[in-house]
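The values are calculated or read from the model by the stated rules, or taken from the named source; none is laboratory data. This one's a predicted model, so the numbers in the text were calculated from it and none came from an experiment. With ideal geometry, Cβ positions are generated from the backbone for all residues, glycine too; neighbour counts draw on all protein chains shown. We work out accessible area using only protein heavy atoms, side chains counted, and drop any ligands, DNA or RNA first. Shrake-Rupley method; radii C 1.70, N 1.55, O 1.52, S 1.80 Å.
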Amino acid sequence: VTGSLRKMEAAREGGQVVYSAKVEYILHRLPQEDVAGTISGSARARASSAEANNKHKDTELQVMVVEAAIDSALRRAPEALLAAAR
């Protein structure tokens with residue numbers, strides 16, 4: 001399994017900041033390393049401009065959105081692993 005953070009960004013929308021993250025896991029068959037499947041997940045979170053301007057809170061929000069994207073991907077992992085094993 002190879003995992004990667006495909007996207008992490010913060011964009012201003014009005015008086016708020018929207019954090020978004022996308023992760024992807026690629027399932028490989030060994031020893032050939034053929035791609036057996038992929039699992040992806042994404043998440044978004046909104047924060048006030050004041051929160052986004054606070055360095056500690058900004059970092060906390062970025063970590064939170066990446067963790068939520070990972071959770072999103074892992075919810076689909078059992079089905080993807082079964083399909084890849086076939």
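Between N53 and K7, what length comes free when the chain is fully extended (0.36 nm per residue of separation minus the Cα-Cα distance, one decimal in nm)?
Result: 14.5 nm gained on full extension.
Ignoring ligands, DNA and RNA, what percent of the 1.4 Å accessible area of the chain is carbon and sulfur?
In the chain, the share of accessible area belonging to carbon and sulfur is 52 percent.
Give me the accessible area of D58, 1.4 Å probe, in Å² rounded to the nearest 10.
We get 40 Å² for D58.
What's the ranking of 43-50, 5-12, 17-24 by average number of surrounding C-beta atoms within 10 Å, highest first?
Highest to lowest by the protection proxy: 17-24, 43-50, 5-12.
Which residues' amide hydrogens lie under 5 Å from the amide hydrogen of T38, considering only partners 5 or more residues apart or on another chain, with H built in the peptide plane?
Residues meeting the criterion, in which the H sits 1.01 Å from N, are L27.
Work out from phi, with θ = phi - 60° and the Karplus expression 6.51 cos²θ - 1.76 cosθ + 1.60, the ³J(HN,Hα) of each residue of the stretch 24-41, listed in order in whole Hz, and give x for Gly and Pro.
Along the stretch 24-41, the couplings run 9, 10, 10, 8, 10, 9, 9, x, 6, 6, 5, 6, 9, x, 9, 10, 10, x Hz.
Given contacts defined as C-alpha pairs under 8 Å and at least six residues apart, what's the relative contact order of the chain, whole-number percent?
About 29 percent, as a whole number.
Find the Rg to Rh ratio for the stretch 1-66, where Rh is the Kirkwood radius over alpha-carbon pairs and Rg uses the same atoms. Walk me through the numbers on the way to the answer.
On the way: Rg = 15.8 Å, Rh = 13.3 Å.
Value, to two decimals: 1.19.
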